[in-house]
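First comes the structure, then the notes that go with it.
The values are calculated or read from the model by the stated rules, or taken from the named source; none is laboratory data. Bear in mind the structure is a predicted one, so any value in this text is a computation, not a measurement. Don't worry about glycine lacking a Cβ; one is built from the backbone with ideal geometry, like all the others, and counts go over all protein chains shown. SASA here: full protein model, heavy atoms, side chains in, ligands and nucleic acids out. Shrake-Rupley method; radii C 1.70, N 1.55, O 1.52, S 1.80 Å.
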Amino acid sequence: MSFHAVHTLTGSLLHIEASADLAGWGRPPLLLLVQDRPAPSAPHGTRRMRAVHLPLNDTRMGRYRAGLADLLPDLAAALDINQPVARPTLAACVNVGLIADLLAEPTPGLRLLAWAVCYEDVLVESGDLHEIRRVDAVDADRRGYQIARLRGEPHPVVLIDDQLDHADTPATRSALARLVQITSRPGRSTPTIS
């Protein structure tokens, strides 16, 4: 991805975190599919980014013991063309049909930029518990993004990392990387949701 695309994606993720901060704490997690496409009315080569918000059913997320860390790999498996897509637990948490439709959209030049998730977590630091909101993302070049804001802090902290395999990497990162891998394959056909 170009420097401009990384900068635009980072700005979009910051906007998502700021919107979540305005909405307050205690919100369900949010899954995001980020795509871009050529902008027909703009100069040649200009692309428009869109981040599609895919709400997760927080009351059903309890079906996954580890929450997002279990849901995201299940979603990746459901979207893989070699796996069955009829997963009632997953379907209770997220609209898999909508995701498949977004991935199969026939718009010329449409491409996947990233998968992201916005969620609240608990940070244990020096024996103290702190509420924290995170936006974790992985882009098409497997670059990791993390935006984190402790409750009560005026500004989030932004980390962009080209290395995905650190010991302190959030559990969501590898699953987001798998989603990127599954959904950005050239010539990929999207499974039909039954």
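Summary table below
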item	result
Global form of region 1-102, assessed from the alpha-carbon gyration tensor, a/c cut-off 1.5	oblate
Size descriptor, Kirkwood hydrodynamic radius, that averages inverse alpha-carbon separations across the chain, Å	17.4 Å
Extension gain (nm, one decimal) between R65 and D101, 0.36 nm per residue minus Cα-Cα	10.2 nm
Cβ charges +1 (Lys, Arg) and -1 (Asp, Glu), total dipole of region 7-55, debye	220 debye
Lys, Arg +1 and Asp, Glu -1 on Cβ, resulting dipole of the chain about Cα centre, debye, nearest 20	700 debye
Computed label-point distance, nm, for sites H15 and T46 using a 7 Å Cα→Cβ extension	1.5 nm
Dipole-positive endmost among A69, A91, A116 within region 58-125 (Cβ charges, Cα centre)	A91
Fluctuation leader among V180, V135, V124 - the chain, Gaussian network, Cα springs under 10 angstrom	V124
Coil-residue chymotrypsin sites (Phe, Trp or Tyr not before Pro) of region 1-81, DSSP, other Cβ within 10 Å capped at 13	W25
Per residue accessible area in Å² of the chain, where ligands, DNA and RNA are left out and the probe is 1.4 Å	53 Å²
Net charge of Cβ neighbours under 15 Å - reference R151; Lys, Arg +1; Asp, Glu -1	-4
